[in-house]
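Q: First, the structure itself, so that you have it in front of you.
The values are calculated or read from the model by the stated rules, or taken from the named source; none is laboratory data. Since the model is a prediction, treat every value here as computed from it, not as a measurement. Reconstructed Cβ throughout: ideal geometry from the backbone, glycine too, with neighbour counts over all protein chains shown. Surface areas here come from the heavy atoms of the whole protein model, side chains and all, with no ligands, DNA or RNA. Shrake-Rupley method; radii C 1.70, N 1.55, O 1.52, S 1.80 Å.
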Amino acid sequence: MITDMLNSVATRPLGRWAVCLAALVSVPCAGTYGQDAPVGPTQNALAGSWVFGSKGCATCHSINDVGGTVGPDLGRVEQLRTYYDLAAAFWNHFPQMVDQMRELGVEPPHMNTREMGDLIAFLTSINYFDTPGDVDKGNAHFATMQCIRCHQVAGVGGVIGPSLDYLGNMGSPIQIATAMWNHGPAMAEAMQTLGIRRPSFGASELTDLVAFLKSASPGPPQGPMYVLPGRAQLGRRWFVEKGCLECHNIRGRGGSRAPDLARRGRQLSLSKFAATMWNKAPGMLRMMRTQGVNVPQLEVSQMADILAYLYSVRYFQRLGDAAAGRRLVQRRGCLNCHSIGGRGEKSGTDLAKVKGLTSAPAVIAVMWNHGRVMTEEAEGRFMWPTLLPVEMADMSAFFVESSSK
C-alpha cells in the first residue's frame, strides 16, 4: 500500500535535496503499475539521500552546490532521470568513478539491493524542489503582470479577486497550481473585461512570486503545506475521474487530442508544473468547451496526487526483453569470462544460473559490485562495455527471468 505523504517543510540545506519523491516512497514497484513497473521492492528516496551520504557519494559529487566538487553536480544534470537512464549512467561511468576514488584512497562502496533502489529514487527526486525565489523580483512581477489589479497581498491591491494572503501563509506551488486551475475560467473572464493581457509564467517567475507572497503575507504558515506531491496511486485515479485521460494519454493509453504525458522531455519541478498548468490552461479550457466537458475542480491534495502519478509514469519503465538481454550478454564480451548454459568461459560464473536477482535494483546492485572486480581486470584486456538505458532494461530482464528458473 502507498503511505500518506509527509506534510512538512524541509528547512536545512540538506533537506531540500534529501526529501523523498512521493511517487516512490513506499510504492510497491510490482502490482501498482502493472507491466510498466520494474519488479522489485519499494524504493525510498529519503533513504536514498542517506545512502548518498553514507556511501561517500557526496565526497565527490554535489547536489545543487552542496557536497564535493571532484565529479559533476548531480543536481544540474539536464538528462532524463528515469530508472534505466540512471542505472545505465552508473554502469557506463563506473571505470572513471573508480579511478577517481582510488586516487583519493577510497574503495568503491558495496551496495545491496535496497540501497541501490533507494539511491536511484533519490537521484530522480533531487530537482523536485526549486531554489528559493527572489522577493523583490516577485514583488515586481506582481505589479507588471497586473496581478495587483485584481488581488490583494497584505492589504494592497484590487478586490475583484480574492486576497492571496492565504497562499503566502500556506503556500507552495501546488497550492498556486490548484488555485489558478480552479479559478482559471473566472480569471479569464475578469481579465477580458478589464482588458488585461493574460501573462505567461516561467518557472523562475513563479518561484519569485511565491517568495513575495510568503514575505508579504501576514501571520505564520497555517494548514498542511503540501510540499511533497502526494500519492501516485490516487493520482492515477484522479487522472481518470477528472477527465484528464479523455484528452491525454499515458504510453498510448487514453485520448489523442493532447500530448502523451509519459513522453515529456524531463521531470517538472513544482514551479514548472504550476507554470505549465497556467500557461496551457487556455488551450485546455477551449478543448473542454468544444467537447462539452465541465472544467473539473481539484482539491490541493488531488493536484498533489496527480503530480505524483505523472512523476511515477516517467520514472517507472518496462522491465525489458529478456531474450534481447541474453543476446546482449553474449555480444558484449561477457562470455570471455562467464558462461551461459555451458557456452563461454567455464571458469566464470554461469550467468543463467545466478540466484537472488529478483528485481531490477538487485541486478543493478550486483553489476555495480561486480564492476569493482571488472575494473581491476579490464586494464589492457578489454574495453568497458557501455549500455544504453533500453539495453540495461533488457539485461535486467534477462537476469531476473534466469534467476527465477
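Q: What are the pairs with Cβ atoms under 7 angstrom where one residue, in the range 251-263, is on the phi > 0 side of the Ramachandran plot and the other, located anywhere, is at pLDDT below 85 and among the aliphatic types (A, V, I, L, M)? Sequence gap at least six, or different chains.
A: Final answer for the pair search is Arg251/Ala262.
Here's the yes/no breakdown for (1) in contact with a helix residue (DSSP H, G or I) (Cβ under 9 Å, 6 or more places away or on another chain); (2) touching a residue at least 24 places away in the same chain (Cβ under 8 Å); (3) in a loop (DSSP other than H, G, I, E, B); (4) surrounded by 18 or more Cβ atoms within 10 Å (Cβ to Cβ):
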position	(1), (2), (3), (4)
Ser271	yes, yes, no, yes
Met277	yes, yes, no, yes
Ala281	yes, yes, no, yes
Val295	yes, yes, yes, no
Leu298	yes, yes, yes, yes
Gln302	yes, yes, no, yes
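Q: If I filter the range 153-175 for residues that are more than 28 Å from Pro296 (Cα to Cα) and open to solvent by 60 Å² or more (accessible area, probe 1.4 Å), do I get at least one hit?
A: For the range 153-175, residues more than 28 Å from Pro296 (Cα to Cα) and open to solvent by 60 Å² or more (accessible area, probe 1.4 Å): present.
Q: Right, another one. So, in the range 108-167, of the ones that are aromatic (Phe, Trp, Tyr) and out of contact with any helix residue (DSSP H, G or I) (no Cβ under 6 Å at 6 or more places or on another chain), which residue ends up nearest to Phe52 (Cα to Cα)?
A: Tyr128
Q: Checking the conditions here, which among Pro41, Pro28, Pro72 is under 26 Å from Arg372 (Cα atoms), at pLDDT below 75 and part of a loop (DSSP other than H, G, I, E, B)?
A: Residue meeting the stated conditions: Pro41.
Quick grid of which residues meet (1) within 20 Å of Asn279 (Cβ to Cβ); (2) in contact with a strand residue (DSSP E or B) (Cβ under 7 Å, 6 or more places away or on another chain); (3) of a type outside the set (Ser, Thr, Tyr):
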site	(1), (2), (3)
Asp130	yes, no, yes
Val159	no, yes, yes
Pro162	no, no, yes
Ile174	yes, no, yes
Ala179	yes, no, yes
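Q: Which residue is modelled with the lowest pLDDT, if the candidates are limited to the range 44-69 and must be of a type in the set (A, V, I, L, M) and farther than 24 Å from Leu261 by Cα?
A: Here the residue is Leu46.
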